[in-house]
Structure formats: structure tokens, C-alpha cells
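Down below is the structure, laid out as C-alpha cells.
The values are calculated or read from the model by the stated rules, or taken from the named source; none is laboratory data. Because the structure is a prediction, the values reported are computed rather than measured. Because the Cβ atoms are built from the backbone with ideal geometry, glycine has one as well, and the counts that use them run over all protein chains shown. In case anyone asks, the SASA skips ligands and DNA or RNA and just uses the protein heavy atoms, side chains included. Shrake-Rupley method; radii C 1.70, N 1.55, O 1.52, S 1.80 Å.
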Amino acid sequence: MRKAVNLQDWVWEVAADTYRLNLFSQLTGRATLGQPTVSDYELAEAIRQSFTQVTDARYREMIQLATDAALEAYDRVVSAAIKRSRALRPN
């Protein structure tokens, strides 16, 4: 039995995970190999530790980059879903 997935919820989840991973990687300087997401604790800890090491301007830049990455992921997933839906639609 296949479980129906709400596309909008799934796309927002992908975008949120992209945002969190991107921000975490920028704050820590390391990637999360093999992990598709970052826990609330890990992200909060990275933010706390960055306060003494990152200027306000750099932090705003990181937020903007993470936001841009999340929006791009959102656009890509929606675009791929629309293309797939059109390809599966009978003529």
C-alpha cells in the first residue's frame, strides 16, 4: 500500500531541511555527511557558538544564503513535481 504524500507539506519540509543544513554548515564550517537533516539541538548549539565568532553582518549574510538555498530547493522540487505530473498525465 502506498501512502499519499501532501506535496506542499513535503516541499516545505525539503526547503526547511535545506535551510537548516546550509546554515549549520556555514556556522560550523563542516558538512553533515550522511545526515539528511540537523537536529534542533545541533543547530541551536551551532548558533550559540557562533555568536562570539561571527559578526552581525556575516551572520545576516549566512541567513540570506541559507534562505536563498531553501527557496531554490523549493523551486526545484515543485518544478520537478509539475514536470513529472505532466509526463504522467494521459493525453
Computed over the chain, the relative contact order (Cα-Cα under 8 Å, seq sep at least six) in percent reads 40 percent
Carbon plus sulfur, as percent of the 1.4 Å-probe accessible area of the chain, comes to 55 percent
Computed, not fitted: 222 nm per-residue ellipticity of the chain from DSSP H runs ≥ 4 (each -39500 (n - 2.57)), nearest 500, equal to -25500 deg cm²/dmol
Around Thr37 (Cβ within 13 Å, Cβ-to-Cβ, excluding Thr37; K/R +1, D/E -1) the net charge comes to -3
Here the longest stretch of the chain that holds no trypsin sites (Lys or Arg not before Pro) in a DSSP loop having at most 13 other beta carbon atoms within 10 Å is 31-91
Quick calc: nm separation of the 7 Å Cα→Cβ label points for Ala87 and Arg48 -> 4.6 nm
Projected area averaged over all directions for the convex hull of the alpha carbon atoms of region 9-87, nm², comes out at 5.7 nm²
Between the Cα axis of helix 56-88 and the main Cα principal axis of the chain, the angle (0 to 90°, nearest 10) is 10 degrees
Computed over the chain, protein heavy atoms only, probe 1.4 angstrom, the accessible area per residue in square angstrom equals 78 Å²
